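The structure appears below as structure tokens.
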Amino acid sequence: MIRGAVNLEKLENKLHEIKLGSQGIFVIADQHNRIILHPEANQISQTVEKNTALIEAVEGKSGQKEGYNNRGELSLQSYMPLSGLGWGIVAQQPLAS
């Protein structure tokens, strides 16, 4: 068995270096559709319900779409799987901004 570790704090810092606009964020969910990385601490461990892009990323799909984030905001979203981990990542920017 091979084991590894992911330093989420280091990953989050690297993602913050990428500019998404004033309201843009990255979100990562695990293979159980639980949010494991989000800039708002109260979203961590929440189950992904509304963010279909993030659900599709966890399922191994990638693409771009307009969709709703977990807070119900309509957003532009780009998503892809993190296949080595079974996770998914989405970069999203609310349309209102």
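The values are calculated or read from the model by the stated rules, or taken from the named source; none is laboratory data. Everything quoted here is computed from the prediction, not taken from an experiment. Please note that ligands, DNA and RNA were not included when accessible areas were found on the heavy atoms of the full protein model with its side chains. Shrake-Rupley method; radii C 1.70, N 1.55, O 1.52, S 1.80 Å.
For region 36-79, what is the accessible area per residue in Å², given a 1.4 Å probe and the full set of protein chains?
Values: 2410 Å² over 44 residues.
Result: 55 Å² of accessible area for each residue.
Could you please state how large a percent of the accessible area of region 20-85 is carbon and sulfur, counting protein chains only and using a 1.4 Å probe? Before the final figure, lay out the partial values.
Values: 1680 of 3630 Å².
Taking all protein chains in place, region 20-85 shows 46 percent carbon and sulfur surface.
Ignoring everything but the protein chains, give the 1.4 Å probe accessible area of residue 34 in square angstrom, nearest 10.
Taking all protein chains as shown, residue 34 has close to 100 Å².
Can you tell me what the convex hull of the Cα atoms of region 18-97 projects to on average, as an area in nm²? Mind showing how you got there, number by number?
Working: hull surface 18.7 nm².
Average of the hull's projected areas for region 18-97 equals 4.7 nm².
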